[in-house]
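J.: Take a look at this one; I'll ask things after.
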Amino acid sequence: MRFRKKIVDLKRTCVACPSQWEARTKDDRPVYVRYRWGYLSVMMGKKGESIDDAIINGVQVCGEQFGESMDGLLPYYAMKKLTKKYFKWPKEGGGEDQEMSFFENIAEFIQKLDEETKEDV
């Protein structure tokens with residue numbers, strides 16, 4: 001199998017815990033990327049198969065511990081960098097908008113929690 005496959009279709013299916021993406025290569029192979037417990041796993045199926053086939057019976061292209069044991073958040077730019085020797089990812093489209101929304105929600109939650117805590121003191 002020749003590596004550095006071009007990704008032509010990409011969808012972020014979860015932002016965190018795990019961070020995950022489903023993709024398809026130019027030659028129609030499904031690719032499943034998952035980052036949970038600090039471990040990055042990339043599975044690739046055969047031409048024409050479904051993403052489920054890649055997850056269950058695919059070849060593990062990458063499987064490596066990159067983060068801490070409780071880590072489950074991997075931004076798209078970091079995932080691209082960690083897997084660049086295997087795939088050529090689109091510049092955008094990996095869920096950056098979802099990442100921003102996720103972080104904005106966390107920031108809002110923390111701010112609200114701070115306000116509630118100050119009222120209790």
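The values are calculated or read from the model by the stated rules, or taken from the named source; none is laboratory data. All values derive from a computational prediction rather than experimental measurement. Here Cβ is always computed from backbone atoms with ideal geometry, including for glycine, and neighbour counts include all displayed protein chains.
J.: In the range 49-67, what residues are in contact (Cβ under 8 Å) with a residue 24 or more places away in the chain and within 14 Å of residue 30 (Cα to Cα)? I'd like the intermediate steps shown before the answer.
T.: Kept after step one, since they are in contact (Cβ under 8 Å) with a residue 24 or more places away in the chain, are these residues of the range 49-67: 51, 54, 58-59, 61-67.
51, 54, 58, 59, 61, listed by residue number.
J.: What's the total number of residues in the range 6-62 that are charged (D, E, K, R) and either assigned to a strand (DSSP E or B) or in contact with a His (Cβ under 9 Å, 6 or more places away or on another chain) (or both)?
T.: So the answer is 8.
J.: Test residue 13 against the stated conditions and say whether it is surrounded by 13 or more Cβ atoms within 10 Å (Cβ to Cβ) and in contact (Cβ under 8 Å) with a residue 40 or more places away in the chain.
T.: Answer is no for this residue.
Each row is one residue, and each column tells you yes or no for (1) in contact with a helix residue (DSSP H, G or I) (Cβ under 9 Å, 6 or more places away or on another chain); (2) modelled with pLDDT under 95.
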residue	(1), (2)
16	yes, yes
25	no, no
28	no, no
33	yes, no
45	yes, no
51	no, no
73	yes, yes
